[in-house]
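Since the structure comes first, as structure tokens, the remarks are kept for the end.
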Amino acid sequence: MNSNAFHNAANIASLLLAAGTAALLVSGCAQTPGGIFDCSGSWINPAYTTAVIAALQGLKLIVNIVRDGLGGLIKPQPPVEK
């Protein structure tokens, strides 16, 4: 798998996990008046989706650094060739 395909696969996985976070809210998680995310009424543990999202985003950064170097994180991308 090339780095672009991985990047897009990681974006799709992150999107699905964000949908999972939305499912947490539907399953019984709620934000308390103090701003705490309480999932005592949920059957899904939010720590799992949070950890996977963080790992995917970190892996995406590592792939970008390996592919383009640290400077590649801030340089403009070249136009797509047809």
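The values are calculated or read from the model by the stated rules, or taken from the named source; none is laboratory data. Small disclaimer: the values here were computed from a predicted structure and weren't measured. Ideal geometry is used to build each Cβ from the backbone, glycine not excepted, and the neighbour counts take in all protein chains shown. In case anyone asks, the SASA skips ligands and DNA or RNA and just uses the protein heavy atoms, side chains included. Shrake-Rupley method; radii C 1.70, N 1.55, O 1.52, S 1.80 Å.
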Checked the stretch 25-60 for anything polar (S, T, N, Q), within 28 Å of Ala9 (Cβ to Cβ) and open to solvent by 60 Å² or more (accessible area, probe 1.4 Å); matches are Asn45, Thr50, Gln57
So, first residue under 17 Å from Ile53 (Cα atoms) in the stretch 20-31, second residue aliphatic (A, V, I, L, M), Cβ within less than 7 Å, six or more apart or across chains; the pairs are Ala23/Ile44; Leu24/Ile44
Checked against (1) modelled with pLDDT of 80 or more; (2) surrounded by fewer than 13 Cβ atoms within 10 Å (Cβ to Cβ), Val63 satisfies every condition except (2)
Scanning the stretch 36-46 for residues that are modelled with pLDDT under 75 and among the hydrophobic types (A, V, I, L, M, F, W, C), the one nearest to Ala22 (Cα to Cα) turns out to be Ile44
Does any residue of the stretch 60-76 turn out to be part of a helix (DSSP H, G or I), among the basic types (Lys, Arg) and within 11 Å of the chain's Cα centre (by Cα)?
yes
